[in-house]
1. Of everything in segment 174-205 that's in a loop (DSSP other than H, G, I, E, B) and at pLDDT below 90, which residue is nearest to G101 (Cα to Cα)?
2. Restrict the check to segment 61-69 and report whether at least one residue is in a loop (DSSP other than H, G, I, E, B), farther than 25 Å from L125 by Cα and modelled with pLDDT of 90 or more.
3. Of all the residues that make up segment 121-154, how many are of a type in the set (K, R), within 24 Å of I193 (Cβ to Cβ) and not in a helix (DSSP H, G or I)?
4. Tell me, yes or no, whether segment 95-102 has at least one residue that is aromatic (F, W, Y), touching a helix residue (DSSP H, G or I) at 6+ places or on another chain (Cβ under 8 Å) and either surrounded by 14 or more Cβ atoms within 10 Å (Cβ to Cβ) or farther than 17 Å from E179 by Cα (or both).
5. Select from segment 36-54 the residues that are touching an Asp or Glu at 6+ places or on another chain (Cβ under 8 Å) and either within 17 Å of R227 (Cβ to Cβ) or in a strand (DSSP E or B) (or both) and list them in ascending order.
6. Return the pairs, sorted by first residue and then second, in which the second residue is assigned to a loop (DSSP other than H, G, I, E, B) and of a type in the set (V, I, T), the first residue lies in segment 74-103 and is farther than 30 Å from F197 by Cβ, the beta carbons are less than 9 Å apart, and the residues are 6+ apart or on different chains.
7. So is A237 modelled with pLDDT under 90, more than 22 Å from R96 (Cα to Cα), in contact with a Phe, Trp or Tyr (Cβ under 8 Å, 6 or more places away or on another chain) and assigned to a loop (DSSP other than H, G, I, E, B) or not?
8. For segment 76-91, enumerate the residues that are among the aliphatic types (A, V, I, L, M) and part of a helix (DSSP H, G or I).
Amino acid sequence: MTNNTKKLSGLTLTAKGLVRSLSLSSQTVPIIQGVDLQIGAGETCAIIGASGSGKTTLLGMLAAMDEPDSGSVEIADDNIHYSIYQHDEDWRAWLRGHAMGFVFQDFQLVDDMTALENVLLPLELAGQRCSKTAKSWLAKVGLTERIRHYPRQLSGGEQQRVALARAFANQPRILFADEPTGSLDETTGQAMIKLLFELNAASGSTLVMVTHDPALAQRCDKIYRLRQGRLASSSEA
C-alpha cells in the first residue's frame, strides 16, 4: 500500500449523560441510559456489546446523526471546541461532511455509481470534487483496476474496500465504524481490519468503532462495553 496520506490530528470526543429512549405505542423503552465517555485525539476506541444492546444508536449520537433526548457530545482540538447538539442539523451535516468519515456494516454504496463515483461522493458534498484524490484512495485499497466497476460487479470484500476508500477520501479527523466486518467472511474480514487500522494510523484520525467481536476490540487503545443501556470501561466491564 502506497502511503502518501497527509497526517492530520484527530479530534477529542467527549459524551456526557447521553440518554435515548424509543416510544412504542404508549410505552417508552430506554435504550441509552446516562452514557459518559472520552476518546482522546488520535485514539482508537471500540464499543462492544451484544446485538440489540444499543451500540448503533450510541454511535449515531456520537456521530452527529441522532440527537439524544438529553446529554451532550463535544468535539475539540487545541483550537476548537463544539457541543455539537447546540447547533442545527445544517451545521451538523456540514460537520459530518468536512470532519467525519463513516464505515457501515452493509457498505451503503450507491448501486448506480461506479467505485470511483462512490469515493468521489463525500468529496463532492464537501465541495472538493477531485478524481485524482478518489483514484489515489482506491489505489491505497488495491482497487485501481476496478474503479469503473459498479457495486454489483464487486465481491463483498471489494465493496468494503470501496467503502473504506470513501470513508477516508475527505481526510476525516474522526472516523466512525459500525460493525465494519459484520457482512464479511472471516478471512476477508481480517484483511479489512488490517487495512482499516493501517489507513487510520497513516491518517492520524480518531477511530470509534462498535462491534460484537472481542478480538477486534482488543486491537483498539480503549474499550467500552455497553450493557443494558449503560457503558463501562474495559477495566470495569
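The values are calculated or read from the model by the stated rules, or taken from the named source; none is laboratory data. The structure displayed is predicted, hence computed values, not measured ones. Note: ideal-geometry Cβ built from the backbone for every residue, glycine included; neighbour counts use all protein chains shown.
1. So, considering only residues that are in a loop (DSSP other than H, G, I, E, B) and at pLDDT below 90, the one nearest to G101 (Cα to Cα) is P180.
2. Yes, segment 61-69 has at least one match.
3. 0
4. The answer is yes, given that some residue of segment 95-102 is aromatic (F, W, Y), touching a helix residue (DSSP H, G or I) at 6+ places or on another chain (Cβ under 8 Å) and either surrounded by 14 or more Cβ atoms within 10 Å (Cβ to Cβ) or farther than 17 Å from E179 by Cα (or both).
5. T44, C45, I48
6. Final answer for the pair search is none.
7. Answer is yes for this residue.
8. Matches in segment 76-91: I84 only.
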